[in-house]
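Below: the structure, in structure tokens.
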Amino acid sequence: MLDCIIVGSGPAGISAALTLQANGKSFMMFGSPELSEKISKAEHIHNYPGLSNVTGKDFAAALKAQLAEAEIEVKNEKVAGVYALKEKFSILTQENSAYESKTVILACGVESIKPIDGEESFLGRGVSYCATCDGFLYKGKTIAVVCTTKRLEHEIRYLADLAEKVYLIALYKDVAPMPDNVTVLRKMPKQITGARRVEKLVFAAAPAENLSAELPVDGVFALRECIAPTVLVGGLEAENGHVKIDRNTATNLKGCFAAGDCTGRPYQYAKAVGEGNVAAHAVVEFLK
Ligand code: FAD
């Protein structure tokens, strides 16, 4: 069993990984080979000690080089669930793999777009975060896919192969050509409604021609870089929308730590890196 699993490959996750590596712990870091869009999209970074006026792209390149040098791999899988069991954690990914670890560090960042009203209450009743886990339930049906990042377009195509009709609510630029059964909408989703299960996606403003303000759908997929930690980890305590941690980054769940943007403001690299480091040290102490 692994000593630790790190969820997220941004500055917080990377910092935790480097510290765990230096302490000889076994771990896996889940995330993206591109590390974090919040690094690569930064135009110029002025506030990171030692790096004056570095571009986000150069910062990302430097982090990738450092990981390669330390022989740390970023596992390109999306964590779909973290389950606290007796003295261990079970981690399931959207790629249908399962892993076990003694501890977990949540470093999954925050989603800049708020959840849709009704999203969490309809989870498992027509709302899903995982195309490969739940796509088959919508074979021949009509679904809405709310997607915030180009990086997850392969999941939209996967769903288009199964569903009869897909409405893609694209909350990002430069949508790639999509299969014929996908209609791209540039509208802000406001609410998910229904009786027992999802029935409609309601938009914030009057949508484009030929479409009503309410879209009748059988299901809604919300594809984002970051799944809310409280959805990811059952029983995790949150405060004002962030994971609640103590001075040592410990959450309310024994062996589960959190670092970076997901624990609250300020949303900054230096704070994420600092907390990632504290979390890794806390893991080392915990394992003793
Ligand atoms: P993130 O960087 O958000 O990384 C989280 C990672 O976890 C992502 O790669 C995500 O894909 C991955 N992830 C999430 N959920 C899962 C899951 N379930 N499974 C697997 N992986 C998952 N801060 C500054 O200090 N200075 C700046 O100049 C600055 N400029 C910025 C410019 C822009 C455009 C933006 C958007 C942010 C900027 N920030 C800046 C803020 C900074 O980017 C964040 O504070 C920092 O990236 C937070 O690091 P993090 O590791 O907590 O999270």
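The values are calculated or read from the model by the stated rules, or taken from the named source; none is laboratory data. This is a predicted model, so every value here is computed, not measured. Please note: Cβ atoms are built from the backbone with ideal geometry, for glycine as well, and neighbour counts cover all protein chains shown.
Taking (1) among the hydrophobic types (A, V, I, L, M, F, W, C); (2) at pLDDT 95 or above; (3) in contact with a helix residue (DSSP H, G or I) (Cβ under 9 Å, 6 or more places away or on another chain) in turn, residue 253 satisfies each apart from (3). Comparison of 87, 71 shows that the only residue that is acidic (Asp, Glu), more than 30 Å from residue 234 (Cα to Cα) and more than 22 Å from the chain's Cα centre (by Cα) is 71.
State all residues of segment 79-90 that are within 24 Å of residue 223 (Cβ to Cβ) and either out of contact with any Asp or Glu (no Cβ under 7 Å at 6 or more places or on another chain) or of a type in the set (Phe, Trp, Tyr) (or both); if no residue qualifies, say none. Once the filter is applied, which keeps residues that are within 24 Å of residue 223 (Cβ to Cβ) and either out of contact with any Asp or Glu (no Cβ under 7 Å at 6 or more places or on another chain) or of a type in the set (Phe, Trp, Tyr) (or both), segment 79-90 yields 79, 80, 81, 82, 83. When segment 273-285 is examined, which residues are found to be within 21 Å of residue 252 (Cβ to Cβ) and aliphatic (A, V, I, L, M)? Matches in segment 273-285: 278, 279, 280, 282, 283, 284. Kindly indicate whether residue 47 is touching a residue at least 24 places away in the same chain (Cβ under 8 Å) and either more than 7 Å from the ligand (Cβ to nearest atom) or out of contact with any helix residue (DSSP H, G or I) (no Cβ under 6 Å at 6 or more places or on another chain) (or both). Taking the combined requirement at face value, the residue satisfies it.
Scanning segment 270-281 for residues that are touching a residue at least 12 places away in the same chain (Cβ under 8 Å) and surrounded by fewer than 24 Cβ atoms within 10 Å (Cβ to Cβ), we see that the one that is farthest from the ligand (Cβ to nearest atom) is 281. The residue of segment 91-106 that is surrounded by the fewest Cβ atoms within 10 Å (Cβ to Cβ), among those that are in contact with an Asp or Glu (Cβ under 8 Å, 6 or more places away or on another chain) and modelled with pLDDT of 95 or more, is 102.
Cβ-Cβ distances below 7 Å connect the following pairs, each with a first residue in segment 71-90 that is more than 9 Å from the ligand (Cβ to nearest atom), a second residue that is of a type in the set (A, V, I, L, M, F, W, C) and in a loop (DSSP other than H, G, I, E, B), and a separation of six or more residues or different chains: 84/253; 88/1.
Condition check ((1) surrounded by fewer than 18 Cβ atoms within 10 Å (Cβ to Cβ); (2) free of Cβ contacts under 8 Å to residues at least 12 places away in the same chain; (3) of a type in the set (Asp, Glu); (4) more than 7 Å from the ligand (Cβ to nearest atom)) across all residues:
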residue: 25; (1), (2), (3), (4): no, no, no, yes
residue: 34; (1), (2), (3), (4): yes, no, yes, yes
residue: 39; (1), (2), (3), (4): no, no, no, no
residue: 62; (1), (2), (3), (4): yes, yes, no, yes
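Exactly one residue out of 138, 172 is crowded, with 19+ Cβ neighbours inside 10 Å and aromatic (Phe, Trp, Tyr): that is 138. I'd like to know if segment 112-126 contains one or more residues that are within 16 Å of the ligand (Cβ to nearest atom), in contact with an Asp or Glu (Cβ under 8 Å, 6 or more places away or on another chain) and closer than 28 Å to residue 35 by Cβ. No, segment 112-126 contains no residue that is within 16 Å of the ligand (Cβ to nearest atom), in contact with an Asp or Glu (Cβ under 8 Å, 6 or more places away or on another chain) and closer than 28 Å to residue 35 by Cβ.
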